[in-house]
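Working notes for the structure below.
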Amino acid sequence: MFNLANKITLLRILMVPFVIALLYFESPLTCVLAALAFIFASLTDWADGYIARRENMVTSMGKFLDPLADKVLICSVLIMFVKLDWAPAWVVILTVCRELVVTGLRAMAIDENIVLAADNLGKLKTVLQIFAIVPLMLHYPYFGITLWPVGEYLLYVALILAIFSGVNYSYDFYRLACRKQQAKNNV
């Protein structure tokens with residue numbers, strides 16, 4: 001049940017309070033440390049999937065925990081950004097709502113024995129969110145370079161992808177649920 005891949009996923013969740021604490025005590029140094037911790041936590045997303053597939057450790061728990069860990073990490077940081085006034089609240093609200101809707105759809109799909117697999121838009125959205133968060137964390141000028149405008153731009157692009165992929169998940173769930181209901185009716 002708690003194989004190596006799942007333990008790596010749990011590590012990502014356990015990194016969240018550390019990243020948030022570093023942001024809470026905001027300074028140029030703690031922001032760099034928060035960015036490094038966030039990058040490390042984000043890399044565990046790749047590592048757990050790679051290990052799970054390579055070592056044939058794919059489990060139902062891992063299928064549930066992996067996207068949940070991504071959502072906990074990213075949403076926690078984005079909410080902290082609102083407190084720090086580094087991201088617009090409306091962007092974070094829409095992002096968090098999308099994540100809650102998709103998580104709810106996945107829970108309903110599991111209850112109906114429907115596989116609602118991650119789609120490429122959702123994966124790209126997560127990658128863009130990660131690439132947006134790092135420069136937003138590094139919003140201080142370092143060596144005369146300010147990275148936060150890049151992060152802000154990527155955050156908006158990630159929001160657009162989040163909305164499109166959320167609609168896509170909703171459509172897929174509806175389509176698969178209707179197909180399943182038709183199959184029941186034909187029996």
Quiz prompt | Ranked Cys75, Cys178, Cys97, Cys31, criterion: other C-beta atoms within 10 Å, fewest first | solution = Cys178, Cys97, Cys75, Cys31
Quiz prompt | Net charge of Cβ neighbours under 11 Å - reference Trp86; Lys, Arg +1; Asp, Glu -1 | solution = -2
Quiz item: Here are some pairs, Lys71/Lys184; Lys63/Lys180; Lys7/Lys123; Lys123/Lys184; which of them have Cα atoms lying more than 27 Å apart in this structure?
Solution: Lys71/Lys184; Lys123/Lys184
Quiz item: Taking 0.36 nm per intervening residue step and subtracting the Cα-Cα distance, what contour gain separates Asn185 from Val32 on full extension?
Solution: 49.3 nm
Practice problem: Provide the net charge surrounding Phe164, with neighbours chosen by a C-beta distance below 12 Å and charges set as Lys +1, Arg +1, Asp -1, Glu -1. | Solution: +1
Practice problem: Compute the whole-percent fraction of alpha carbon pairs in the range 17-109 spaced more than 23 Å apart. | Solution: 35
Quiz item: By how many degrees, between 0 and 90 and to the nearest 10, does the Cα long axis of helix 148-186 differ from the longest principal axis of the chain?
Solution: 10
Quiz item: Taking N as the number of residues in the range 113-187, what is its alpha-carbon radius of gyration divided by 2.2 N^0.38 Å?
Solution: 1.66
Practice problem: Report the label-to-label distance for Leu176 and Val157 in nanometres (one decimal), using points 7 Å from each Cα along the Cα→Cβ vector. | Solution: 2.9
Self-check item: 0 to 90° range, to nearest 10: angle between helix 4-24 axis and the chain longest Cα axis
Solution: 40
Quiz item: Taking the Cα atoms only, what angle lies between the long axis of helix 60-84 and the longest principal axis of the chain, rounded to 10 degrees?
Solution: 40
Quiz item: Beyond 18 Å, what percent of the Cα pairs of the range 40-158 remain?
Solution: 56
Quiz item: Rounded to two decimals, what is Rg over Rh for the range 83-141 when you use alpha-carbon atoms and the Kirkwood radius?
Solution: 1.10
Self-check item: Extended-chain gain in nm, criterion 0.36 nm per residue less alpha-carbon gap, Val127 and Leu14
Solution: 38.7 nm
Quiz prompt | Calculated FRET value between Cys97 and Ala118, using beta carbons and R₀ = 22 Å, to 0.05 | solution = 0.75
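Coordinate-derived values only; no laboratory data. Treat the numbers as computed from the prediction; the structure is a model and nothing was measured. No Cβ is skipped: glycine too gets one built from the backbone with ideal geometry, and neighbour counts run over all protein chains shown.
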